[in-house]
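In what follows, a single structure is set out as structure tokens and then discussed.
The values are calculated or read from the model by the stated rules, or taken from the named source; none is laboratory data. Computed from a prediction, not measured in an experiment: that's the story for all the values here. When we count neighbours, we look across all protein chains shown, and the Cβ atoms used for this are built from the backbone with ideal geometry, even at glycine. Accessible surface areas use protein heavy atoms only, side chains included; no ligands, DNA or RNA. Shrake-Rupley method; radii C 1.70, N 1.55, O 1.52, S 1.80 Å.
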Amino acid sequence: MHTLRYKGFTITSRAYQIRPSGEWTVDLEIHRPGRGRPFGLLEQCRSERESDARSFDVGRRIIDGQLPGWSVDGLRHGQRSKREEPAFDQFRRHGFVAFLLLAATAAAALLSRA
């Protein structure tokens, strides 16, 4: 795992070797303090060094907005889209909605008895 600083972002190469081919994946994470986003390509490289170089190249192109459909806008502006919301926050929100529905049902049942 190697890192590179670029335009205020940290690009981390997360290459791993595939057995039995011995080739390396092109996986990376782009992050700023407190948040990060993973990216990966289907291509493979012959060495870890080649994979790191490819990961850093792809990371720089993503940050520069040169790869359509791949973006770090949520990291750049410090905003989270609904799609990026962490699973725990989604669970907590859904649990709260379920609690409200249960409370409303209980209140309706009590009122119907009166």
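Selection within segment 45-102: residues that are at pLDDT 90 or above and basic (Lys, Arg). The member of this set that is nearest to Arg19 (Cα to Cα) is Arg46.
Scanning segment 1-21 for residues that are in contact with a strand residue (DSSP E or B) (Cβ under 9 Å, 6 or more places away or on another chain) and outside any strand (DSSP E or B) turns up Met1, Gly8, Arg14, Ala15, Tyr16, Ile18, Ser21.
One residue is enough: does segment 17-36 have a residue meeting the conditions charged (D, E, K, R), open to solvent by 80 Å² or more (accessible area, probe 1.4 Å) and farther than 15 Å from Ser71 by Cα? For segment 17-36, residues charged (D, E, K, R), open to solvent by 80 Å² or more (accessible area, probe 1.4 Å) and farther than 15 Å from Ser71 by Cα: present.
In the set Glu50, Glu43, only one residue is under 15 Å from Thr3 (Cα atoms) and surrounded by fewer than 16 Cβ atoms within 10 Å (Cβ to Cβ); that residue is Glu50. If you go through segment 1-16 and keep only what is open to solvent by 70 Å² or more (accessible area, probe 1.4 Å), at pLDDT 90 or above and over 14 Å from the mean Cα position of the chain (by Cα), you end up with His2, Thr3, Arg5, Lys7, Tyr16.
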